[in-house]
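K.L.:
Next up is a structure, given as structure tokens.
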Amino acid sequence: MGEWVEVKGPDGAFKAYVARPSGTTKGAVVVVQEIFGVNAVMRGKADWLAREGFLAIAPDLFWRIKPGIDITDQTDAEWKQALDYMNQLDKNASVKDVAATLAHARAMGCAKAGVMGYCMGGYIAFLAACRTDADATVAYHGGGIHTALDEAKNIRKPLMLHNPMKDSFIPVEALNTIRETLAGNPLVTVHEYADQDHAFTREGGKHYDADATKLADGRTIAFFNQHLA
């Protein structure tokens, strides 16, 4: 379904995976990767959005470290690699890459463009909601959001968070802080999943839950239909 394009960012050009709808395009969504690169799971998320009528574009945020990283969550060695890449990544530069990808999506003919991220990408998506002109943003189990809540005052467009409350990577205290801090912001919707662990929507992952994924993804599509279509 997809193809690779080149996006020109402030620090150089990088590749991005694009999945296009077969019919009318409602709007664009920048898909922000997990720590494993723009791998089959992330390309699958883009393909899913395309089937729902959105042009989806997933930038390779690891390009400064090594372009084209594509690994899985299936082995300890890959996890070690992925965590190392995450620690090396300049998250602030990545937000600028997301902004460049939003501009690229709009130049492809989409009047409205949003952001959706997972894990590390959920954190970057949250920062994008605070720092870019994204028309709507969704973050799934974004690790580190609680450390950046002072930026929430800059949110100007709708934001939706999907937070699993038994997340083995994000302390429940952090998730509680996110809910409590953002509760007064009418632009923010926080969905909590009481029995879910980290990455419960990652197909093939050990915490994958089909029913919870259907619920969360249904909420995401309704949200994007409202704000991007």
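A short reminder: the numbers here are calculations on the coordinates, not readings from a lab. Note that the structure is predicted; figures quoted are calculated from it, not measured. Cβ sites come from the backbone with ideal geometry, for glycine too, and all protein chains shown count toward neighbours.
K.L.:
What are the ³J(HN,Hα) couplings of the stretch 214-220, residue after residue, when phi is run through the Karplus curve with 6.51, -1.76, 1.60 and θ = phi - 60°? Round to Hz, x for glycine and proline.
P.N.:
4, 5, 5, 5, x, 5, 5
K.L.:
Further question: I want to check a number: in the chain, how many lysine pairs have alpha carbons closer than 14 Å, given a sequence separation of 8 or more or different chains? Working shown, then result.
P.N.:
Numbers: K8/K96; K15/K66; K26/K112; K45/K214; K112/K157; K166/K206.
Lysine pairs, 8 or more places apart or on different chains, close enough: 6.
K.L.:
Give or take rounding to whole Å, what are the principal axis extents of the alpha carbon atoms in the chain, in descending order?
P.N.:
Taking the Cα atoms of the chain, the three principal extents are 42, 40, 33 Å.
K.L.:
Further question on the same structure: How do R156, R179 line up, fewest other C-beta atoms within 10 Å first?
P.N.:
Values: R156 12, R179 15.
Starting with the residue having the fewest Cβ neighbours, the order is R156, R179.
K.L.:
Something else: What ranking of H104, H146 emerges when the number of other C-beta atoms within 10 Å of each C-beta is taken as an exposure proxy, fewest first?
P.N.:
Values: H104 22, H146 18.
Fewest-to-most ranking of H104, H146: H146, H104.
K.L.:
Please report T137, T181, T132 as a ranked list, fewest other C-beta atoms within 10 angstrom at the top and most at the bottom.
P.N.:
On the way: T137 32, T181 16, T132 24.
Ranked by crowding around the Cβ, least crowded first: T181, T132, T137.
K.L.:
Nearest 5 is fine: what % of DSSP beta bridges in the chain come out antiparallel, could you say?
P.N.:
Of those bridges, close to 35 percent are antiparallel.
K.L.:
Based solely on its DSSP helices, what 222 nm [θ] is calculated for the chain when runs of n ≥ 4 H residues each add -39,500 (n - 2.57) and the sum is averaged over all residues, nearest 500 deg cm²/dmol?
P.N.:
-11500 deg cm²/dmol
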